[in-house]
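Presented below is the structure to which this report refers.
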Amino acid sequence: MNSLTISNGYLNLQRELHQDFNYGVASLSFAPIVADLIRQTKAQSVSDYGAGKKRLLEGLTKAGVAPKRYFPYDPVFPEYGCPQEADLVCCIDVLEHIEPESLDAVLKELASITVGLGFFSIHMGPAGKTLSDGRNAHLIQQPSSWWLPKICQYFNVLQLTSHNTMGQGIWLIVRRI
């Protein structure tokens, strides 16, 4: 775990949230899009950054796609290991949960493991969940006009789509600069 990407205190708050069965289900909604992307690009490896309970893999399996290599990463689950390079890096409803002071470190880490394409979804409004310290689980609640310059420091945006899956957000297909 890179200490620049998450503080110990926030890691503990995330451990508490991950005990909720319904925390981290967004990947199931986006899995069909990711499955199509895997089919189109013939990606052999998928890195699931902020994998939580590996719901993306569950959704891909339901969509009939089994990546040859699947690399989950989530600091809450140290048994997953470190972030791994992959043909397709997915970061689904994770970035809005990052501590604002760690966002650049996380984006830099994502760029370092993105060999081919990245698929990122970002929820822009408040979460339905609250941290035990009283803060909303979405620490960053900003519009796409705020997110794009940050992402474009590390990635070229190939596609940007607005969505209303579990609230207003965007998803992007990116390639590392």
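The values are calculated or read from the model by the stated rules, or taken from the named source; none is laboratory data. Everything numeric in this text was worked out from a predicted model, so none of it was measured. Methodologically, a virtual Cβ is constructed for each residue, glycine included, from the backbone with ideal geometry; neighbour enumeration extends over all protein chains shown.
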Qualifying residue in region 118-125 (condition: in a strand (DSSP E or B), among the polar types (S, T, N, Q) and modelled with pLDDT of 95 or more): yes
Any hit, region 108-126, residues being within 17 Å of residue 24 (Cβ to Cβ) and among the polar types (S, T, N, Q): yes
Flag if residue 103 is more than 19 Å from residue 34 (Cα to Cα), assigned to a helix (DSSP H, G or I) and touching a helix residue (DSSP H, G or I) at 6+ places or on another chain (Cβ under 7 Å): yes
Region 100-128: number of residues that are crowded, with 17+ Cβ neighbours inside 10 Å, under 14 Å from the mean Cα position of the chain (by Cα) and not aromatic (Phe, Trp, Tyr): 14
Residue within region 84-93 that is touching a residue at least 12 places away in the same chain (Cβ under 8 Å), buried (at least 19 other Cβ atoms within 10 Å of the Cβ), of a type in the set (Asp, Glu) and in contact with a strand residue (DSSP E or B) (Cβ under 9 Å, 6 or more places away or on another chain) present: yes
Unique residue being more than 17 Å from residue 174 (Cβ to Cβ), among the hydroxyl-bearing types (Ser, Thr, Tyr) and surrounded by 16 or more Cβ atoms within 10 Å (Cβ to Cβ) when the list is 73, 49: 73
Residue 159 being assigned to a strand (DSSP E or B) and more than 14 Å from the chain's Cα centre (by Cα): yes
Residue check for residue 59: within 16 Å of residue 93 (Cβ to Cβ), over 14 Å from the mean Cα position of the chain (by Cα) and at pLDDT 95 or above: yes
Boolean, residue 162 is polar (S, T, N, Q), touching a strand residue (DSSP E or B) at 6+ places or on another chain (Cβ under 6 Å) and either without any contact (Cβ under 8 Å) to a residue 40 or more places away in the chain or exposed (fewer than 13 other Cβ atoms within 10 Å of the Cβ) (or both): yes
Region 23-51, subset part of a helix (DSSP H, G or I) and polar (S, T, N, Q), residue farthest from residue 114 (Cα to Cα): 29
Residue satisfying all of: in region 129-159; among the charged types (D, E, K, R) and at pLDDT 95 or above; surrounded by the most Cβ atoms within 10 Å (Cβ to Cβ) among these: 150
